[in-house]
Structures are given as C-alpha cells and as structure tokens.
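Single-structure report; data block below.
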Amino acid sequence: MPPREATGSKLSRLCRAVLIPVAIAAVGIGALRAFSVPLDRLIVGARPTLLSVSPAPKFTAVAAVGEVVTARFSLRNAGKSPVKVLGANVGCPCTSVENIFPVEIGAGAEQQITVHTTVNSPDETGRFTQAIPLLLDREGTVPPLVVEVAVRSSP
C-alpha cells in the first residue's frame, strides 16, 4: 500500500488537472451570463435570429384581475428571405392572438402581432405573466412575446 502522502498527491494533481479548469469554466460562463451574452451566440453553428421584436419582446401594463390587456408587437425580418410565422403557442385560454396564421414576413418587412390577455390571479410578486412563443417555418430563434401585468387591486 502506498504511503498516505502519495495518495493525497494524486488527488491534488487530479484537482489541479480537472476540477480547477471546470470551476474556472463555470465561473466564466456565469460571468458571460452576468454580462447578458447569450451562450448560443458563442457556440459555432448557433441558430440565427430570424425575427426581431419591437419596441421590445416584453410588454408591461398595470391592470386589475378580470381586465383585458392588449399588447401590440412588431416583428421585423432582418434576413434575406421570407419567414413564415405558422402560429403562436398560447398556453392559457385567457390569452388570444388576433392575427390569422400563417403570416409571411418578407425580407426586411414588418408584421404587427396583437395579443389580448385577460388578467388572472397574480403570482407571489404581484404580477401576471404570459409568454407566447411563435412557431416558425424553419430553424432559428425568435424571442417569445411576453405580456407582464402588475396586478392592482380592484377599485
């Protein structure tokens, strides 16, 4: 059986060779997230962003439970070929999208999307949030449309 120091020495070399670089990489990734650099931008072959949303992908409002909030988003195709929006994945019967799908957005063109949400009970932060991912005809990224309502008490 080897002396105890030799075993400790092997473990120490293992820590220096494997665990420390892994820890440094984890800290590096955390730093990138802190500076809002999406990890998919750093990966070779990452999916392109097909549509941008303005004024922002997140619409905020203040309303009471039961009120209907209407949000309008403008989608812009910055690419060189048309993109078809096949639909929107609405996860709650309280939310609907006014547009009729599919909608084709030509290269450089814009399309307005209108979302109606009936405000339900808020979460523990006092907000009611609905995220509406869009379904496209090809691989690529587009941020989900988000409606976030600060719920006020009824009058």
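General observations
- Glu104-Arg72 pseudo-label distance in nm [points 7 Å out on the Cα-to-Cβ vector]: 2.5
- Whole-Å distance, taken between Cα centres, linking segment 127-155 and segment 71-112: 13
- For the pair Glu139 and Asp123, the difference between a 0.36 nm per residue extended length and the Cα-Cα distance amounts to 2.5 nm.
- Within the shell defined by Cβ-Cβ distances under 14 Å, the residues around Ala56 carry a net charge of +2, with Lys and Arg each +1 and Asp and Glu each -1.
- Charge dipole magnitude, Cβ of K and R +1, D and E -1 - segment 106-155, Cα centre, debye nearest 20: 160
- Whole-number accessible area per residue in Å² for segment 51-140, which is evaluated in the context of all protein chains at 1.4 Å: 54
- Heavy-atom accessible surface of segment 85-155: percent carbon and sulfur, 1.4 Å: 50
- Globularity ratio of segment 42-155, using Cα Rg and 2.2 N^0.38 Å: 1.16
- For segment 96-155, averaging the sequence separation of C-alpha pairs within contact (under 8 Å, six or more residues apart) and dividing by the residue count gives a relative contact order of 29 percent.
- Projecting label points 7 angstrom from Cα along Cα→Cβ for Lys84 and Ser153 puts them 5.2 nm apart.
The values are calculated or read from the model by the stated rules, or taken from the named source; none is laboratory data. Note that the structure is predicted; figures quoted are calculated from it, not measured. A quick note on method: Cβ atoms are made from the backbone with ideal geometry, for glycine too, and the neighbour counts reach across all protein chains shown. Just so you know, the surface numbers come from the protein's heavy atoms only, side chains and all, with ligands and any DNA or RNA stripped out. Shrake-Rupley method; radii C 1.70, N 1.55, O 1.52, S 1.80 Å.
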